[in-house]
Structures are given as C-alpha cells and as structure tokens.
Amino acid sequence: MSLPEPQPRFLRACQRLPVDTTPVWFMRQAGRYMPEYRRLREKYSLLEMVQHPELAAEVTLQPVHALGVDAAILFADILLPLIPMGLKLEFAKGEGPVIDNPVRSAEDVARLSPIDAEASLGYVLEAIRILRGELPPSVPLIGFAGAPFTLVSYMIEGGSSRDYRRTKTLMLSEPQLWAELMGKVASTLENYLLAQVRAGAQAVQLFDSWVGALSPQDYAVNVAPYSACVLKALEATGVPVIHFGTGTATLLPLMKQAGGSVIGLDWRIPLDQGWALLGGEVAVQGNLDPADLFAPLPVLRRRVEDVLRRAGGRAGHIFNLGHGILQETPVDNVRAVVEIVHEFNASQEGK
Ligand code: CP3
C-alpha cells in the first residue's frame, strides 16, 4: 500500500500548518534575468510566449529547474484580460505596457465587453493544464490576476503611471462611472480566476501592485469592496488566496479584511511589524527587498536571515521578495537565497 503524498510545504504554509522548512518562491521568477528566458525571447514576443501554452509552460518551468523553488507561477501577465475586453494592448520596447485606446469616458466603459475566460483566455487555462501534467507534486502551481484597482489604473492611464492622476480624477469626479468600471473588472477577474482554479491552479495570487498610491480612506471606500468580491469568491473554492500589494503599510488591516488567506508584504515594513498589524490570524508572504539580490553574498545572507528571524519560525510564512525580481539580477544569488532559506530552518530546528 502506498502512503498518500504529503501536502507540499508551500500549500501547508498557506494554511498556517507546520512545515519542514520555509517554502520559497519569487514574484517574477521567470523573466529576462534568466539566460534561458532571453534565448526564447529572441524568437518570440512576450505576447507570443504567453499566448502559446507550450511556450508559456516551458517558461514557467525554467525557474523551477534552475532555482529549486517550492512553487511555480504561471507565465502570463496581469494585463491579458484587457485584450478580450476590447483594449489594444502592446508591450513596447523599453516602455512597458501601452494601451492605445484607454478608458476615459462613459462610452468607453459601456463598450468594455464582459468576458468568458474559457472562451477568450483559453490559452492561459491550457497552459495550466499542461503544467499540472509536468510539475512534480511537491511544486504547486500558482495562478494569478491583477486586482481591480491595479488593472483599472492601467486601463485609464493607458500604461504605467507615477501619480495616477487620471485614475484618481475619475474616481473622485465620477463615482458612478468608477463603480461601474470597477464592478465590470471585478466580475471579469472573478470569472477568470475561478476558471484558473478549475483548470488546476492550486493557489492564486491577486496582484494589487499599485494600491499603495491610495490613502486608507480611498482604499476602503473605492477599492476594497471590489477586491473583496473577487477574493471571497475564490476563498469559497478552498484554494489558498494570496493578496499582494506594495506600499501597503497603512493599508494592511483593510487588505486583510478584504480577503485572502495569505497577505503579501513588501520590504518597506519589517515582516514582524506587518504580521502584527494583520493580527496574526493570517499567513504572510515576503519580504526581501529585490535590490538585496545585488548585494555581496554575506550581506544578502544577513538580510535573508533577518526576514526569517522576524518570521520567528511561526507557522504561515512563505519566503518571497517584497516585489518582483529586477532585470539583471544575478541568477546565482537567487539560487543562493533558496538554499539559505531552506537551510536556515533546518539548522534552527535541528532537523
Ligand atoms: O512572476 C512570474 O514569473 C510570472 C509572470 C508575470 C509577468 N507579469 C510576466 C512579464 C507576472 C506574475 C506578471 C505580473 C504583472 N505584470 C504585474 C504585477 C506584478 C508586479 O510586478 O507588480 C504588473 C504590474 C504587470 C504589468 C507589466 N507587464 C509591466 C509593467 C511590464 C513591463 C515591465 C518590464 O519588466 O518590462 C510587463 C511585461 C512583463 N510581464 C515581462 C514579464 C516577464 C517582461 C517581458 C519581456 O519583455 O520579456
């Protein structure tokens, strides 16, 4: 008789169960800092890679093989759902995402198509199915989407922004239109993420990368209810839900209230302080500064160990960066972090 496979440590930590050693993965663990990614990228554009499930699966697996991480994150982009909604999205060289027809008026909002992920984002779901057949059982697959605020900010600004002026102007001057837009985006995201879970995603992360641009009051009134809609629908599926943002030191209690079984912390708040603000009744993910990966190894080691000490061996810590891996990051340093995290626990607990 064969024993059932033990649950992978990443999924155990998400549920705040004890683990043999702290699980670790990295936001943006696939990408241009990896030579094997750059080789594929010479032949295909980003959109070609994500829209071909075999290629997306291959890129997803690159960091799993190269780094020994405890979870895989699907290779896709938070902006993909905007394409079937009717926006003309491009990734311009050196500029990041550009949307040719941003959403600025009531007509623009009315024109946005509601989407059915199975029909219009089937390539993402197919990549998930392929990956579930290829990943070892110890490495769960994380699906993801952007959160309503972060996505809506791209839709309105037409690309990245420093001050979110147009986004905030619409939020403050046309509250009804804001509600309609956020509502449309939230139901699209709910549909998309539920489809990812049905396809086999074993956890999902909601990226509210730019939510730190908001005051707690604006977040509570104009944003959190829409994130909550998406998060609660996902929690009902039983898969762990990671709720991540940056610049969130003043938003953490509100983010926890909005939902998620794991809250992602950025590096601007010490991990123990962030966890305390959350009240402890939730798992946390984070929170090394991505720039620390450029430090000399002894400095990097001290910083990794500082994060781990602040977690203090409590159940429910997933090691990650406070935001995505930066371009030009030395791959050897990323690999070293995986080893330091895994060994730290083993040596501390005498296992
Ligand atoms: O984490 C992973 O390895 C999975 C893949 C992933 C990508 N984007 C691939 C990508 C994930 C999880 C994302 C999320 C994403 N995309 C976010 C949220 C996370 C964060 O970093 O805050 C955001 C804000 C985006 C939007 C986006 N996509 C921007 C701003 C850019 C340009 C920035 C850049 O690095 O050029 C992208 C492009 C993008 N998405 C790249 C990758 C690997 C670079 C693509 C390339 O040219 O090869």
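Go ahead and set up a Gaussian network model of the chain, Cα springs under 10 Å, then flag whichever of 225, 63, 137 fluctuates most.
Highest fluctuation of the listed residues: 137.
Based on the Kirkwood radius over alpha-carbon pairs, what is the Stokes-Einstein translational diffusion coefficient of segment 74-140 at 4 °C with 1.567 mPa s viscosity, in µm²/s?
Values: Rh = 14.1 Å.
Taking Rh from Cα pairs, D becomes 92 µm²/s.
At what distance in nm do the modelled label points of residue 160 and residue 15 sit from each other, each positioned 7 Å from its Cα along Cα→Cβ?
Taking the two extended label points, one gets 3.9 nm.
Full extension from residue 111 to residue 302: what is 0.36 nm times the residue separation minus their Cα-Cα distance, to one decimal in nm?
Once the chain is fully extended between residue 111 and residue 302, it gains 63.5 nm.
What accessible area per residue comes out for the chain, rounded to a whole number of Å², with a 1.4 Å probe?
Details: 14840 Å² over 351 residues.
Ligands and nucleic acids excluded, the result is 42 Å² per residue.
Filter the trypsin sites (Lys or Arg not before Pro) in segment 263-347 down to the DSSP loop ones having no more than 15 other Cβ atoms within 10 Å, then list what survives.
For trypsin sites (Lys or Arg not before Pro) across segment 263-347 that sit outside H, G, I, E and B with at most 15 neighbouring Cβ atoms in 10 Å, the list reads 268, 314.
So what's segment 131-243 giving for Cα Rg divided by 2.2 N^0.38 Å, two decimals?
1.16
Find how many whole Å separate the alpha carbon centroid of segment 282-313 from the alpha carbon centroid of segment 189-244.
With segment 189-244 and segment 282-313 each reduced to a Cα centre, they are spaced 25 Å.
With a 1.4 Å probe and all protein chains kept in place, how much accessible area does residue 65 have, in Å² rounded to the nearest 10?
So the heavy atoms of residue 65 present about 140 Å² to solvent.
Taking amide H atoms as placed 1.01 Å from N in the peptide plane, list the residues 5 or more away in sequence, or in a different chain, whose amide H sits under 5 Å from that of residue 263.
It is 243, 283, 284, 285, by chain and number.
With θ set to phi - 60°, apply the Karplus curve 6.51 cos²θ - 1.76 cosθ + 1.60 along segment 105-111 and write out the HN-Hα couplings as whole Hz, x wherever there is a Gly or Pro.
10, 4, 5, 4, 5, 4, 6
Taking all protein chains together and a probe of 1.4 Å, list 138, 209 from the most accessible to the least accessible.
My answer, sorted largest first, is 138, 209.
Please count, across the chain, the pairs of lysine residues with Cα atoms under 26 Å apart that sit 8 or more places apart or on different chains.
Lysine pair count for the chain: 10.
What is the log10 of I(q)/I(0) for segment 24-104, computed with the Debye formula using one identical point scatterer on each Cα and no solvent, at q = 0.10, 0.19, 0.20, 0.24 Å⁻¹?
Taken in order of the listed q values, log10 I(q)/I(0) reads -0.27, -0.87, -0.94, -1.20.
Using the C-alpha atoms of segment 179-284, what convex hull volume per residue, in cubic angstrom, is computed? Kindly include the intermediate steps, with their values, before the conclusion.
On the way: hull volume 9.4 nm³, N = 106.
Expressed per residue, the convex hull around the Cα atoms of segment 179-284 is 88 Å³.
Please identify which residues in segment 241-257 have an amide N closer than 19 Å to a label point set 7 Å out from the Cα of residue 220, following the Cα→Cβ vector.
Label zone hits: 248-257.
Can you give me the solvent accessible area of residue 187 with a 1.4 Å probe, rounded to the nearest 10 Å²?
70
Around residue 244, what is the net charge, scoring Lys/Arg as +1 and Asp/Glu as -1 over all other residues with Cβ under 9 Å from its Cβ? List each step's numbers first, then the result.
Numbers: positive: none; negative: 208, 266.
For residues surrounding residue 244, the net value is -2.
Nearest 500 deg cm²/dmol is fine: what mean residue ellipticity at 222 nm does the chain get from its DSSP H runs of n ≥ 4 alone, each adding -39,500 (n - 2.57), divided by its residue count?
-14000 deg cm²/dmol
Can you work out ³J(HN,Hα) from phi for every residue in segment 229-242, in order, using Karplus 6.51 cos²θ - 1.76 cosθ + 1.60 and θ = phi - 60°, giving whole Hz and x for Gly and Pro?
Karplus-based 3J(HN,Hα) across segment 229-242 equals 3, 5, 5, 5, 4, 6, 4, 5, 7, x, 7, x, 10, 9 Hz.
At 20 °C and 1.002 mPa s, grab the translational diffusion coefficient of the chain from Stokes-Einstein with a Kirkwood Rh over Cα pairs, rounded to a whole number in µm² per second.
Approximately 105 µm²/s, per Stokes-Einstein.
In whole Hz, what ³J(HN,Hα) sequence does segment 77-88 give by Karplus (6.51, -1.76, 1.60; θ = phi - 60°), x for Gly and Pro?
Running phi through 6.51 cos²θ - 1.76 cosθ + 1.60 with θ = phi - 60° gives 9, 5, 8, 4, x, 5, 5, x, 6, x, 9, 8 Hz.
Given a 1.4 angstrom probe, I'd like the percentage of the accessible area of segment 40-124 that is carbon and sulfur, rounded to a whole number.
After summing per-atom areas, the C and S share lands at 51 percent.
Could you work out the relative contact order of segment 177-326? I mean the mean sequence separation of Cα pairs under 8 Å and 6+ apart, divided by the number of residues, in percent.
On the way: 223 pairs, mean separation 29.5, N = 150.
This gives 20 percent for segment 177-326.
Taking all pairs of different Cα atoms in segment 228-318, averaging 1/r and flipping that mean, what Kirkwood radius in angstroms comes out?
Kirkwood radius, segment 228-318: 13.7 Å.
What share of the DSSP beta bridges in the chain is antiparallel, in percent to the nearest 5?
Here the share of antiparallel DSSP bridges comes out near 15 percent.
Which loop-located GluC sites (Glu not before Pro) does segment 243-351 contain, where loop means any DSSP state but H, G, I, E or B and the Cβ has at most 10 other Cβ atoms within 10 Å? Walk me through the intermediate numbers first.
Numbers: sites: 281, 305, 328, 339, 343, 349; in loops: 281, 328.
Passing both the DSSP loop test and the Cβ count: 281, 328.
The values are calculated or read from the model by the stated rules, or taken from the named source; none is laboratory data. Everything numeric in this text was worked out from a predicted model, so none of it was measured. Glycine also receives a Cβ, built like all others from the backbone with ideal geometry; neighbour counts cover every protein chain displayed. We work out accessible area using only protein heavy atoms, side chains counted, and drop any ligands, DNA or RNA first. Shrake-Rupley method; radii C 1.70, N 1.55, O 1.52, S 1.80 Å.
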